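Take a look at the structure set out below.
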Amino acid sequence: MTTVSSSTTGTSQSTSTASQSGLMANYELFLSILTTQIQNQDPLDPMDSAEYTSQLVQYSNVEQSIQQNKNLEEIIAMLGSNMSMSYVGYIGNEVTADASTTTLSGGQATWTYDVSEDATGTYEVRNSSGVVVYTGDADLRAGSGTVTWNGQLSAGGEAPAGLYTISFDVRDAASNRETVRTETKGIVDSVDLSGSEVVLNVGGQSVPISSVTSVSAPS
């Protein structure tokens, strides 16, 4: 079953809406004070009309600016929604992607690799900021295989859920450096829009949208 997950809600109040509410409250207070002052002014020394007229104009300018910001927020939200829903078109299509980055979820992250010769060495796992959070021993058999990380940090503790990237430093029996390929190819089963980056589910593997190198109709 194909699914789409999203965390978008319409319950949050925008900054411009909050600002507009605060402005209206202050504006009403200003009018109340101004009216009281006018009613109680000294007829022989009346208020300077130019001063409070200037304040009214300033309030009007601020209100217009807030309304413009509100309109921009609505446009940006609409564009973001349209962009998110466009990723639904990936479902059912075949994608090729760099699978060196995957999602740690439920205390497990799995990478699929391919290597020409048996090779041994180490691998590093980096977080989304590029910081190495785990280093492990790699013992790779020639051909395709998988490496699974349980989310434990080298410094102790557990890594939070999110995107993590793997890199290998391995050599074959003749001490020649081996290139480990992490490209993956498959049909997109679902799209997850809940995080900061769209993630595709390809044959049970999480693939960030930024890792996709090609999209085609299923062969």
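Summary table below
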item: Which numbered condition S60 fails, given (1) surrounded by 13 or more Cβ atoms within 10 Å (Cβ to Cβ); (2) at pLDDT below 70; (3) small (G, A, S); result: (1)
item: Residues of segment 157-185 classified as assigned to a loop (DSSP other than H, G, I, E, B) and either surrounded by fewer than 14 Cβ atoms within 10 Å (Cβ to Cβ) or not assigned by TED's automatic domain parsing to the domain that holds T101 (or both), total; result: 7
item: Some residue of segment 135-154 being of a type outside the set (F, W, Y), surrounded by fewer than 18 Cβ atoms within 10 Å (Cβ to Cβ), touching a residue at least 40 places away in the same chain (Cβ under 8 Å) and out of contact with any helix residue (DSSP H, G or I) (no Cβ under 8 Å at 6 or more places or on another chain); result: yes
item: Single condition I209 does not satisfy, out of (1) surrounded by fewer than 19 Cβ atoms within 10 Å (Cβ to Cβ); (2) over 23 Å from the mean Cα position of the chain (by Cα); (3) among the β-branched types (V, I, T); (4) more than 16 Å from A109 (Cβ to Cβ); result: (2)
item: Any pair with Cβ under 8 angstrom, 6 or more apart, that starts in segment 86-115 at a residue that is within 9 Å of V188 (Cβ to Cβ) and ends at one that is buried (at least 18 other Cβ atoms within 10 Å of the Cβ) and aromatic (F, W, Y); result: none
item: Residue list for segment 155-179, filter: closer than 24 Å to G107 by Cβ and hydrophobic (A, V, I, L, M, F, W, C); result: A155, A159, A161, L163, I166, F168
item: Any chance V125 is among the hydrophobic types (A, V, I, L, M, F, W, C), surrounded by 13 or more Cβ atoms within 10 Å (Cβ to Cβ) and at pLDDT below 95; result: no
item: Output for segment 190-219, where each listed residue is small (G, A, S) and assigned to a strand (DSSP E or B); result: S190, S206, S214, S216
item: Exclusive hit being touching a strand residue (DSSP E or B) at 6+ places or on another chain (Cβ under 8 Å) and at pLDDT below 95, set T135, T103; result: T103
item: Residue list for segment 168-219, filter: β-branched (V, I, T) and either modelled with pLDDT under 85 or touching a Phe, Trp or Tyr at 6+ places or on another chain (Cβ under 7 Å) (or both); result: V180, T182, T184, V188, V191, V198, I209, V215
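The values are calculated or read from the model by the stated rules, or taken from the named source; none is laboratory data. Just so it is clear, the model here is predicted, and its values are computed rather than measured. Here Cβ is always computed from backbone atoms with ideal geometry, including for glycine, and neighbour counts include all displayed protein chains.
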